[in-house]
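The values are calculated or read from the model by the stated rules, or taken from the named source; none is laboratory data. What you are looking at is a predicted structure, and each value in this text was computed from that prediction instead of being measured. Methodologically, a virtual Cβ is constructed for each residue, glycine included, from the backbone with ideal geometry; neighbour enumeration extends over all protein chains shown.
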């Protein structure tokens, strides 16, 4: 089968920086998919020759050089480089199961009000389900009849398939956030624009992380970004309660204090540009607050994404 003979509805956009062998493994899986998706690797300022290695070993893959480390916002360069209606996001340590991209495209074709499909993620060689899936299934938020899977209020950045026009219409990932909880902000923009987000277990992705916890700088910006979301999108009382929860859960550590300081420094801009969530979206967020506080999978000290 030639690459052109596959399913051309979904392109894969992968971001990397100094990806090494883990990137090669992810690309081997992605280039072998029966859908034969166009694949774009956005190189976020690698210093180890990653871009040249990809061009040499995977000539069918398009490489976009960001020129610097744009983190999550680098995905927008990849989205603009393709013309498919849907885009599957991947990391340099994640990929999709054969047939899953076609299933996601079928769901998005059938439900034009859905902007994002979150895959069911199997973690590591032992393929254990990501513990966040239990939270997704247990989400006590507003649901719409006839839609696939489960409603969610956020997602996992590197294992989700998005409607390209929706992503670009809301501006994509905010470059000021960089990394650490950036999904929460983009999800809020999509929901505020009237789009639906769904977790669909029949779409499967694999994630093989090579680290136990993110580095300190990711934890710092993760705390900052979470506080900025509370201050910029939530009403005052929930914003204060959630801020206290995040700081308590993160613990008295250097990264927490640094993240708080960064958030305070940016607070004037955040408050000037406050965009409170629409009433129904805020109601769903409020319903989730207590369950999010109890969740063991949502540990802000680890700067994990926080799907709902």
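Just wondering, is there one or more residues in region 152-162 that are in the same structural domain as residue 130 (by TED's automatic domain parsing), in a loop (DSSP other than H, G, I, E, B), farther than 21 Å from residue 288 by Cα and in contact (Cβ under 8 Å) with a residue 12 or more places away in the chain?
yes
Filter region 96-143 for residues that are under 17 Å from the mean Cα position of the chain (by Cα) and assigned to a loop (DSSP other than H, G, I, E, B); which is surrounded by the fewest Cβ atoms within 10 Å (Cβ to Cβ)?
131
Which one of these is touching a residue at least 40 places away in the same chain (Cβ under 8 Å), over 18 Å from the mean Cα position of the chain (by Cα) and either under 30 Å from residue 278 (Cβ atoms) or not assigned by TED's automatic domain parsing to the domain that holds residue 164 (or both): 241, 248, 224, 237?
241
Suppose we filter region 35-63 for residues that are surrounded by fewer than 18 Cβ atoms within 10 Å (Cβ to Cβ), more than 12 Å from residue 20 (Cα to Cα) and touching a helix residue (DSSP H, G or I) at 6+ places or on another chain (Cβ under 8 Å); how many remain?
Going through region 35-63 one residue at a time, the tally reaches 3.
Is it true that some residue in region 195-208 is in contact (Cβ under 8 Å) with a residue 60 or more places away in the chain, in the same structural domain as residue 110 (by TED's automatic domain parsing), assigned to a loop (DSSP other than H, G, I, E, B) and closer than 16 Å to residue 154 by Cβ?
yes
Only one of 267, 263 is buried (at least 18 other Cβ atoms within 10 Å of the Cβ), in a helix (DSSP H, G or I) and either at negative phi or touching a helix residue (DSSP H, G or I) at 6+ places or on another chain (Cβ under 6 Å) (or both); which?
The match here is 263.
Could you please let me know if residue 7 is part of a loop (DSSP other than H, G, I, E, B) and surrounded by fewer than 20 Cβ atoms within 10 Å (Cβ to Cβ)?
Yes.
Within the set of pairs 6 or more residues apart or between chains, which connect a residue that is in a loop (DSSP other than H, G, I, E, B) inside region 18-35 to a residue that is surrounded by 23 or more Cβ atoms within 10 Å (Cβ to Cβ) with Cβ atoms less than 7 Å apart?
If the second residue must be surrounded by 23 or more Cβ atoms within 10 Å (Cβ to Cβ), the pairs left are 18/50; 19/50; 19/92; 33/96; 33/101; 35/10; 35/101.
Can you find a residue that is in the same structural domain as residue 11 (by TED's automatic domain parsing), part of a strand (DSSP E or B), modelled with pLDDT of 95 or more and within 27 Å of residue 100 (Cβ to Cβ) anywhere in region 174-186?
No: zero hits.
Within region 48-57, is even one residue closer than 22 Å to residue 165 by Cβ and either over 20 Å from the mean Cα position of the chain (by Cα) or not in a helix (DSSP H, G or I) (or both)?
No.
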